[in-house]
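S.K.: Before we start, here is the structure in question, set down as C-alpha cells.
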Amino acid sequence: MTTARGTPRILIVGGGLAGMHVALRLRRRLRPGEATVTVVDAHSYLTYQPLLAEAAAGNVEPRHVVVPLRQVLPGVQVITRAVVSVDHAHRTAYLASDIGEPVPLAYDVLVLAPGSISRVLPVPGLAEVGIGFKTVGEAIHVRNHVLAQLDAAASATAPARRQAALTFVFVGGGYAGVEALAELEDMTRDACAHYPEIDPTQLRWVLVEAAGKILPEVGDRMGRYTVDLLRRRGIEVRLATRLRSVLDGHVVLDDGTEFDAGTLVWTAGVAPHPLLKQTDLPLDERGRVVTTEYLSVVDTKDAWALGDCAAVPDVTRDPGMLCPPSAQHAVRQATVLADNLLATLHGTRPVVYRHAYAGSVASLGLYRGVAQIYGLRLHGFPAWLAHRTYHLLKLPSWNRRLRVVADWTLALLFPREIVSLGVLEHARDDFTTAVAARTHKAS
C-alpha cells in the first residue's frame with residue numbers, strides 16, 4: 001500500500017460532490033505526513049447540481065453554483081485532466097494528454113468517484129436537437145436558448161414558426177426535469193412582460209415522463225400534488241408517455257401526439273460514467289462498480305467507490321437493494337468511505353454504510369415547492385423555504401453560500417435579467433468574420 005518512503009498515495013478519481021467530500025474529510029483527518037491525496041478531474045471545479053435550475057432561471061449567478069477545488073482543498077494535489085483508464089492491478093491511472101499518449105499516474109489507494117453521465121436513448125433526432133441539463137454549461141445554454149426562442153417568436157411572421165418557438169418540451173420527471181421546467185416557465189412568464197408581441201397564453205410547456213408518476217423521491221402524495229400544481233399553471237404533464245422521435249424539432253409521442261417544438265431538454269435519468277469500462281474493477285449488469293457495504297470494491301484490495309458510479313448495498317432495505325444515485329447518498333457515503341479508508345491505514349475496523357433516509361425537497365419556481373422531511377409533507381412556501389435552506393447548508397464553502405444568499409436577495413428586489421448571451425458560446429465568430437473580410441479585401 002505504500003511507497004518506498006512509506007507514504008501511501010491516495011488517488012481520488014472525480015472531483016464531484018462525492019470525490020470532493022472524500023478529499024475534504026481526508027485532508028482534515030490525516031495526520032501530517034501520513035498520506036498524500038490527489039484529486040483528478042477533467043474540470044477544476046465541483047458543480048452543485050441541485051442549484052442548476054435556479055442558475056438557468058437567473059435566480060443565481062452560474063459561477064456561484066460551482067466550487068473551485070483548489071480553493072476548498074488546500075494541501076490536496078488537484079490535477080485537471082480526464083482519466084481515460086485505470087489499471088488497478090498495477091496501481092496506475094492513465095490521464096489524457098496533449099501529446100497523444102496517456103500519461104501514467106501511480107498510486108497506492110484508489111477512490112473511484114467519476115459520477116455519471118446523461119442516460120441517452122436511441123430516439124431519432126435527439127442527438128441533433130436535444131439539450132442535456134447536468135452541467136453548468138448546459139444550464140447556461142438552456143437559458144440562452146429559451147430566451148433566444150422568445151426573440152425568435154417575437155419577430156416571426158408565420159404563426160406555425162411562432163408557436164414552435166414558444167413550445168418547450170422536457171423529457172424526464174425526476175428532480176432535474178421538473179425543477180428546470182418549473183423555474184424556466186416562471187422566467188419566461190416574467191420575460192413576456194417585455195415582449196408585447198407575445199401573449200403569455202401562447203407559451204406551451206410539456207413534461208413527458210415514461211413512468212406513471214413524477215418525483216418519486218417525495219412520495220406518491222406529493223408527486224400527485226406536483227402534477228396538479230403544474231397542470232394548474234397550464235403545463236402539460238404527460239405520464240406513462242415516451243418520446244418516439246424529434247426529427248428536425250417535430251416531436252412525436254407514443255400516444256399519437258405530434259407537434260413542433262423549438263426546445264427539447266433531455267433529463268431522463270443517468271448512466272454510469274464510461275470510464276468504468278476502462279478499468280479492471282468488477283462491474284454489475286448496469287456498468288457500476290460493485291462494492292461491499294463498507295464501500296470497498298468487492299474482492300479488490302486498496303480500491304473504494306461511491307456515488308453514482310457505485311452499486312452500494314442498502315443495508316436498511318431488503319437484501320439485494322442498492323442505494324439510489326442521489327446527492328444525499330454521495331455526501332454521506334463520502335464521510336463513511338474516508339473514515340473506513342483511514343481505519344485500514346490505522347489497522348482498525350471499518351463500519352458499514354447505513355443511511356437513514358432524511359427526506360427530499362424540490363423547488364417548483366418562486367415561493368413554490370414540495371418536500372417530504374422525516375415523514376413530514378410540505379408544499380408551497382414552506383417547502384420552497386426548506387429547499388433553499390437545505391441546499392444552502394449543503395453547498396460547499398461559506399464563500400459560495402454568501403454569494404448565493406446575495407443572489408437570492410437581489411433576485412427578490414430586482415426584476416430578472418432577460419438577455420440571451422448565446423454569443424458567449426461562439427465568442428470568436430465576430431473576430432473570425434473580420435479576419436475573413438480582411439483576407440478577402442487583401443486578395
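A quick yes/no check of all residues on (1) free of Cβ contacts under 8 Å to residues at least 60 places away in the same chain; (2) assigned by TED's automatic domain parsing to the domain that holds G33:
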| residue | (1), (2) |
| --- | --- |
| A89 | no, yes |
| Y94 | yes, yes |
| I99 | yes, yes |
| P114 | no, yes |
| R143 | no, no |
| A154 | yes, no |
| R162 | yes, no |
| L166 | no, no |
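S.K.: Do we find a residue being without any contact (Cβ under 8 Å) to a residue 60 or more places away in the chain, farther than 25 Å from S360 by Cα and assigned by TED's automatic domain parsing to the domain that holds H379 anywhere in region 206-225?
M.R.: no
S.K.: A further question follows. Has region 406-426 got any residue that is assigned to a loop (DSSP other than H, G, I, E, B), farther than 27 Å from L46 by Cα and either modelled with pLDDT under 90 or not basic (K, R) (or both)?
M.R.: Within region 406-426, the first condition is being assigned to a loop (DSSP other than H, G, I, E, B), and the residues that meet it are 414-421.
Checking which are farther than 27 Å from L46 by Cα leaves us with 414-415.
When the remaining residues are screened for being either modelled with pLDDT under 90 or not basic (K, R) (or both), the result is 414-415.
Within region 406-426, one or more residues are assigned to a loop (DSSP other than H, G, I, E, B), farther than 27 Å from L46 by Cα and either modelled with pLDDT under 90 or not basic (K, R) (or both).
S.K.: Could you grab me the full set of residues in region 267-303 that are part of a loop (DSSP other than H, G, I, E, B), aliphatic (A, V, I, L, M) and over 30 Å from F168 (Cα atoms)? Show your work before the answer.
M.R.: Restricting attention to region 267-303, the residues satisfying the condition of being part of a loop (DSSP other than H, G, I, E, B) are 267-269, 273, 280-282, 284-288, 292-295, 298-302.
Checking which are aliphatic (A, V, I, L, M) leaves us with 268, 281, 295, 298.
Passing the criteria: L281, L295, V298.
S.K.: Still on this structure, please answer the following. I need the full set of residues from region 52-81 which are touching a residue at least 60 places away in the same chain (Cβ under 8 Å), closer than 22 Å to T36 by Cα and either among the aromatic types (F, W, Y) or surrounded by fewer than 18 Cβ atoms within 10 Å (Cβ to Cβ) (or both), in order please.
M.R.: Correct list: Q71 only.
S.K.: Counting only residues that are closer than 23 Å to V123 by Cβ and in contact with a strand residue (DSSP E or B) (Cβ under 8 Å, 6 or more places away or on another chain), which one in region 186-213 is surrounded by the most Cβ atoms within 10 Å (Cβ to Cβ)?
M.R.: To start, the set of residues in region 186-213 that are closer than 23 Å to V123 by Cβ comprises 204-213.
Going one step further and asking which of them are in contact with a strand residue (DSSP E or B) (Cβ under 8 Å, 6 or more places away or on another chain), we end up with 204-209.
On the way: R204: 16, W205: 22, V206: 22, L207: 27, V208: 25, E209: 23.
Across region 186-213, the extreme among qualifying residues is L207.
S.K.: Still on this structure, I have one more. Looking only at region 187-201, decide whether some residue is touching a residue at least 24 places away in the same chain (Cβ under 8 Å), under 23 Å from the mean Cα position of the chain (by Cα) and either assigned by TED's automatic domain parsing to the domain that holds R377 or in a helix (DSSP H, G or I) (or both).
M.R.: Within region 187-201, one or more residues are touching a residue at least 24 places away in the same chain (Cβ under 8 Å), under 23 Å from the mean Cα position of the chain (by Cα) and either assigned by TED's automatic domain parsing to the domain that holds R377 or in a helix (DSSP H, G or I) (or both).
S.K.: Oh, and also: Restricting region 206-263 to residues that are among the acidic types (D, E) and over 23 Å from the mean Cα position of the chain (by Cα), which is nearest to P325 (Cα to Cα)? Give the derivation first.
M.R.: Quick first cut of region 206-263, residues among the acidic types (D, E) only: 209, 217, 220, 228, 236, 248, 254-255, 258, 260.
After this cut, where a residue has to be over 23 Å from the mean Cα position of the chain (by Cα) as well, the list is 220, 228, 236, 248, 254-255, 258, 260.
Details: D220: 19, D228: 27, E236: 27, D248: 33, D254: 28, D255: 30, E258: 33, D260: 33 Å.
It comes out as D220.
S.K.: What's the total number of residues in region 95-112 that are within 26 Å of the chain's Cα centre (by Cα) and not small (G, A, S)?
M.R.: 4
S.K.: If we scan region 175-184, do we find a residue that is in contact with a helix residue (DSSP H, G or I) (Cβ under 8 Å, 6 or more places away or on another chain) and more than 20 Å from M222 (Cα to Cα)?
M.R.: So far as region 175-184 goes, yes, one or more of its residues are in contact with a helix residue (DSSP H, G or I) (Cβ under 8 Å, 6 or more places away or on another chain) and more than 20 Å from M222 (Cα to Cα).
S.K.: Does region 320-336 contain at least one residue that is under 25 Å from V60 (Cα atoms), polar (S, T, N, Q) and not assigned by TED's automatic domain parsing to the domain that holds R286?
M.R.: There is no residue in region 320-336 that is under 25 Å from V60 (Cα atoms), polar (S, T, N, Q) and not assigned by TED's automatic domain parsing to the domain that holds R286.
S.K.: Out of everything in region 214-248 that is crowded, with 18+ Cβ neighbours inside 10 Å and either touching a helix residue (DSSP H, G or I) at 6+ places or on another chain (Cβ under 6 Å) or of a type in the set (S, T, Y) (or both), what residue ends up being farthest from A356 (Cα to Cα)?
M.R.: By that ranking, first place goes to V246.
S.K.: Which residues, counting only those in region 55-87, are touching a strand residue (DSSP E or B) at 6+ places or on another chain (Cβ under 7 Å) and over 16 Å from L11 (Cα atoms)?
M.R.: Matches in region 55-87: V65, V66, V67, P68.
The values are calculated or read from the model by the stated rules, or taken from the named source; none is laboratory data. From a predicted model like this one, the values you see are computed outputs, not experimental measurements. Don't worry about glycine lacking a Cβ; one is built from the backbone with ideal geometry, like all the others, and counts go over all protein chains shown.
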